[in-house]
Amino acid sequence: MRTALLRIAKRDMVRMLHEHPAFSDRLMAHMLTRNIRIEGDLVDQLFISSEKQLARTLLLLPRYGKEDTTQRVLP
């Protein structure tokens, strides 16, 4: 699998977010989803046993790398 990186200057990113609402919405949805997952992982590490953490990770593996097809709507 090949990967390409693109470095975007802060001023250009701010301009894109203001000029392209669809891009802004998609980026915000991605950031919120990522933040929720990271918070869940942190809570797991603090309060859940190693066995339950392993079980959660194994349950998430079948979805790894697949597109998220659920629609999320922000109120």
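Between ALA9 and ALA22, the modelled label-to-label distance comes to 2.6 nm, taking each label 7 Å out from Cα in the direction of the beta carbon.
List the trypsin sites (Lys or Arg not before Pro) within region 1-40 that fall in a DSSP loop (any state other than H, G, I, E or B) and whose Cβ has at most 14 other Cβ atoms within 10 Å. Passing both the DSSP loop test and the Cβ count: ARG2, ARG7. In terms of its C-alpha gyration tensor, region 10-60 has a prolate overall shape, because the principal axis ratio a/c (a ≥ b ≥ c, square roots of the eigenvalues) is not below 1.5 and a/b outweighs b/c.
For LEU58, what is the net charge nearby, where nearby means another residue's Cβ is under 14 Å from its Cβ and Lys, Arg count +1, Asp, Glu -1? Net of charged neighbours comes to +1. Within the shell of other residues whose beta carbon sits under 14 angstrom from the beta carbon of ILE48, the net charge comes to -2, with Lys and Arg scored +1 and Asp and Glu -1.
Each value in this text was obtained by applying a stated rule to the coordinates, not by laboratory testing. Model, not experiment: these values are computed from the prediction. Note that we place each Cβ from the backbone using ideal geometry, even for glycine, and neighbour counts take in every protein chain shown.
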